[in-house]
Amino acid sequence: MSNIKIKPLSSTPETIIALSDMLIEVVANGGSVGFMHPLSPAEANSFWTSCLAAADRGERIILGAFDGNEVVATVTLLLNLPPNQPHRAEIAKMMTRINYRGKGIAKALLQAAERLAVEHGRSLLVLDTAQDEGASGLYEKQGFTLTGIIPDYALKPHGGLTATMIYWKRIGPGIV
């Protein structure tokens, strides 16, 4: 992991293509991140174009982990929540390219997102992950608490239902 650099992403054609390619790869390999297989490049590009536009508006932060010039993993920190939840942020779309898994990159991204959440005055992080092949082990090792499991929450990319696991973690100073 020594050569991996983490930085916020902004909307450029190169970034959209890189993230779209990663999303297609993750979905093709069973990643339950909201899409079905096969995922078209047009659909992936549309998704990331919208997400990066929201990041450019400050509604979220999309972090990328780079090996040289290649984006190999990403996570999104959602900041634009309802007015009664200014203390909360949400972790979403944690993805790592297949050849880079198990190297501590997702852990580093999650820790970077947590630091940014604290910098933005957030004291509570929430997230959900698929029960089948999700990242629950990573989240639990990073101090997230499992609140519960909702059965049959979403379709897996290749069909069939999976439950989702809901997690939370207190971070930074509390709301006064």
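Test of understanding: among Lys103, Lys107, which residue is of a type in the set (Lys, Arg), at negative phi and without any contact (Cβ under 8 Å) to a residue 40 or more places away in the chain?
The conditions single out Lys107.
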Would you be able to say whether some residue in the stretch 1-23 is more than 25 Å from Phe144 (Cα to Cα), among the aliphatic types (A, V, I, L, M) and free of Cβ contacts under 8 Å to residues at least 40 places away in the same chain? yes
If Ile6 satisfies every condition in (1) within 20 Å of Lys169 (Cβ to Cβ); (2) under 12 Å from the mean Cα position of the chain (by Cα) but one, which is the exception? (2)
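Somewhere in the stretch 95-108, is a residue among the β-branched types (Val, Ile, Thr) and under 16 Å from Leu127 (Cβ atoms)?
Step one: list which residues in the stretch 95-108 are among the β-branched types (Val, Ile, Thr), which gives 96, 98, 105.
Then keep just the ones that are under 16 Å from Leu127 (Cβ atoms); that gives 96.
Within the stretch 95-108, one or more residues are among the β-branched types (Val, Ile, Thr) and under 16 Å from Leu127 (Cβ atoms).
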Any residue in the stretch 21-28 that is open to solvent by 10 Å² or more (accessible area, probe 1.4 Å) and within 21 Å of Tyr153 (Cα to Cα)? yes
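Being of a type in the set (Gly, Ala, Ser), at pLDDT 95 or above, more than 25 Å from Gln131 (Cβ to Cβ) and in a strand (DSSP E or B) is the requirement here; does Gly58 meet it?
Numbers: of a type in the set (Gly, Ala, Ser): yes; at pLDDT 95 or above: yes; more than 25 Å from Gln131 (Cβ to Cβ): yes; in a strand (DSSP E or B): no.
Considered against the rule, which asks whether it is of a type in the set (Gly, Ala, Ser), at pLDDT 95 or above, more than 25 Å from Gln131 (Cβ to Cβ) and in a strand (DSSP E or B), Gly58 comes out as no.
Does at least one position in the stretch 31-40 carry a residue that is within 28 Å of Ser123 (Cα to Cα), crowded, with 16+ Cβ neighbours inside 10 Å, free of Cβ contacts under 8 Å to residues at least 60 places away in the same chain and not polar (S, T, N, Q)?
Let us first name the residues in the stretch 31-40 that are within 28 Å of Ser123 (Cα to Cα), namely 32-34.
Restricting the remaining residues to those that are crowded, with 16+ Cβ neighbours inside 10 Å gives 32-33.
Pick out the ones that are also free of Cβ contacts under 8 Å to residues at least 60 places away in the same chain and you get none.
So far as the stretch 31-40 goes, no, none of its residues is within 28 Å of Ser123 (Cα to Cα), crowded, with 16+ Cβ neighbours inside 10 Å, free of Cβ contacts under 8 Å to residues at least 60 places away in the same chain and not polar (S, T, N, Q).
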Answer yes if at least one residue in the stretch 23-33 is of a type in the set (S, T, N, Q) and more than 14 Å from the chain's Cα centre (by Cα), and no otherwise. yes
Any residue at all in the stretch 125-147 that is over 26 Å from Gln111 (Cβ atoms) and hydroxyl-bearing (Ser, Thr, Tyr)? no
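I need the full set of residues from the stretch 68-117 which are in contact with a strand residue (DSSP E or B) (Cβ under 7 Å, 6 or more places away or on another chain) and among the acidic types (Asp, Glu), in order please.
The first filter runs over the stretch 68-117 and keeps only residues in contact with a strand residue (DSSP E or B) (Cβ under 7 Å, 6 or more places away or on another chain), leaving 71-81, 87-97, 100, 105-106, 108-110, 112-114, 116-117.
Of everything in the stretch 68-117, those that are in contact with a strand residue (DSSP E or B) (Cβ under 7 Å, 6 or more places away or on another chain) and among the acidic types (Asp, Glu) turn out to be Glu90, Glu114.
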Close pairs (8 angstrom Cβ cut-off, 6 or more residues apart or separate chains): more than 11 Å from Ala112 (Cβ to Cβ) in the stretch 58-78, modelled with pLDDT under 95 anywhere: Asp67/Asn3; Gly68/Asn3
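The values are calculated or read from the model by the stated rules, or taken from the named source; none is laboratory data. If you're wondering where the values come from, they're calculated on a predicted model, not measured in any experiment. Note: ideal-geometry Cβ built from the backbone for every residue, glycine included; neighbour counts use all protein chains shown. Ligands, DNA and RNA are stripped out before the accessible areas are found, and what is left, the full protein with its side chains, is counted by its heavy atoms. Shrake-Rupley method; radii C 1.70, N 1.55, O 1.52, S 1.80 Å.
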